[in-house]
Amino acid sequence: MKLEFDSIEEIQDFVKKLKGTRGGKEKPDELEQQLPAAAPAPLAPPTGGQTAFAPLAAGATAAAAGPFAAAANGPAPEVVALVQRIAVRIDGAIASGQPADQALGWFRGECQKAGLDAANATMDQIKAVFLPKMPVPALESIAKLMNA
C-alpha cells in the first residue's frame, strides 16, 4: 500500500481521521459531556460488628481468638522470661569455654524433641526463633538442666 498526498492539509486531514478511528484524543467539549456532574460520595467504613483485626476483649485468651492471634501478639511473657534466662546462660557458658558446637548440637536435639526442625539452625536462630516456639515445660526442663 502506498499513500500519496499533494499538500500538508491532506496529510493533516488524514492524520485527524486516523486519530478519530483509533480512539485518539477527544475534544474538551466532548469530554465534558461524558463526565458525570459530580463524583460519587466515598464509601463509609462499616459500622457495628467486630472486625477481623479487633483487639481481644478483656479476659479473652489468645487461644480463644484463633490460630493467628498468638503469632500476632508474640510469645507469652513467661516464655519470653525463660528464653532470656536460657540465652544468658548459653552466652555465659560459651564465653567460659564450653564448646559452642556441642552446645549447638544439644540445643538442636532439644528442639527436635519438642517437634521443631532445627537441624540446620545456628545458635542465634535457636535463641531467637526456636526457643520461643518451644512449649513451657520443655523450656523449664532446659532451664533446670542449665541452672538458668
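In the set 116, 82, only one residue is modelled with pLDDT of 65 or more, assigned to a helix (DSSP H, G or I) and either closer than 19 Å to residue 139 by Cβ or touching a helix residue (DSSP H, G or I) at 6+ places or on another chain (Cβ under 6 Å) (or both); that residue is 82.
Looking at residue 139, is it in a helix (DSSP H, G or I) and touching a residue at least 60 places away in the same chain (Cβ under 8 Å)? In short, yes. The set of residues in region 85-113 being over 19 Å from residue 140 (Cα atoms) and aliphatic (A, V, I, L, M) consists of 94, 95, 100.
The values are calculated or read from the model by the stated rules, or taken from the named source; none is laboratory data. Given the structure is predicted, the values throughout are model-derived calculations rather than measurements. A quick note on method: Cβ atoms are made from the backbone with ideal geometry, for glycine too, and the neighbour counts reach across all protein chains shown.
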